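Scroll down for the structure; my scribbles are underneath it.
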Amino acid sequence: MASVIELAPSILSANFAQLGAEAKAALEGGGTVLHLDVMDGHFVPNITIGPPVVASLRKTIPDATFDCHLMIENPDEFIPAFAEAGANWISVHQEACVHLDRTLHLIESHGCKAGVVINPATPVHLLDDVLEIVHHVLVMSVNPGFGAQHFIPNSLKKIETLARIRDARGLGFRIEIDGGVALDTVGEIVRAGAEILVAGNAVFSRGDIRENAQTLLRAARSAAATSRPPRLRRAATALRNSKSDLRRRRT
Ligand code: DX5
Ligand code: ZN
């Protein structure tokens, strides 16, 4: 089955003085999930928004899915407030949660979809025991804290690994990527298996927000349409490897 590609505009790069209007423009351009970066100045070296901003956006935008990415210490203390403010999805960092299983269940108990996030230096296998209970896994492809950073290519391997594990274990979590998603990276990101594409700088920083979102989504969907499903990709790799083995044996 072809995966459903969704664009999640990240308001971190929006003009905060016109937040509602800019968020709406990104959604009109095809974004279906609004990505809201919450930073506390401790877990990451930056401070952004809290529940009141989420609640105000919810009044302006009643329908879109709000994806709250908590880059904070002690997320359990704030999950109820973000749920109350209008979050639909709440994700927490594996690195910030001593009792990750409990935190993910806490998110669900407040009526939200639970997601887990890993930093660029965190291996995928640390998530092995929570993959059954998460709605989405968010792979950070930059070190969290700031927008407009360079995409870290190692995250492609992580996406492929997650897609393989999901396939092998018959699980249903979705794969989201965050950081450096732009026209020059989105093709390989989608081909690796990412489905929810967070993009801040590429959508909000210059030009027309609506058009930026449309162009990025179009590029992502056309890459997805031409990419082979993981099983066929693995078969092609195996074939390539066996051909090169044959060549090596002949020389
Ligand atoms: C970074 C944030 C991202 C950020 C991505 O810590 O989690 O959501 O907005 O920004 P771009 O798309 O500019 O790399
Ligand atoms: Zn984010």
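The values are calculated or read from the model by the stated rules, or taken from the named source; none is laboratory data. Keep in mind the model is a prediction, meaning the values are calculated, not measured. Please note: Cβ atoms are built from the backbone with ideal geometry, for glycine as well, and neighbour counts cover all protein chains shown.
Report whether or not residue 133 is of a type outside the set (Lys, Arg) and closer than 15 Å to residue 70 by Cβ. The answer is no for residue 133.
Scanning segment 134-154 for residues that are closer than 16 Å to residue 94 by Cα and either touching a strand residue (DSSP E or B) at 6+ places or on another chain (Cβ under 9 Å) or more than 11 Å from ligand 1 (Cβ to nearest atom) (or both) gives 134, 135, 136, 137, 138, 139, 140, 141, 142, 144, 145. Residue pairs whose Cβ atoms lie under 6 Å apart, sitting 6 or more positions apart in sequence or on different chains, and linking a residue in segment 135-155 that is within 17 Å of residue 72 (Cα to Cα) and more than 10 Å from ligand 2 (Cβ to nearest atom) to a partner that is among the hydroxyl-bearing types (Ser, Thr, Tyr) and at pLDDT 95 or above, are 139/155.
Just so you know, in segment 190-211 the residues that are farther than 18 Å from residue 15 by Cα and in contact (Cβ under 8 Å) with a residue 40 or more places away in the chain include one that is surrounded by the fewest Cβ atoms within 10 Å (Cβ to Cβ), and it is 195.
The number of residues in segment 52-82 being more than 18 Å from residue 145 (Cα to Cα), out of contact with any Cys (no Cβ under 6 Å at 6 or more places or on another chain) and not aliphatic (A, V, I, L, M) comes to 13. Every residue in segment 58-104 that is in contact (Cβ under 8 Å) with a residue 40 or more places away in the chain, in a helix (DSSP H, G or I) and within 20 Å of residue 33 (Cβ to Cβ), please. Residues satisfying the conditions are 60, 82.
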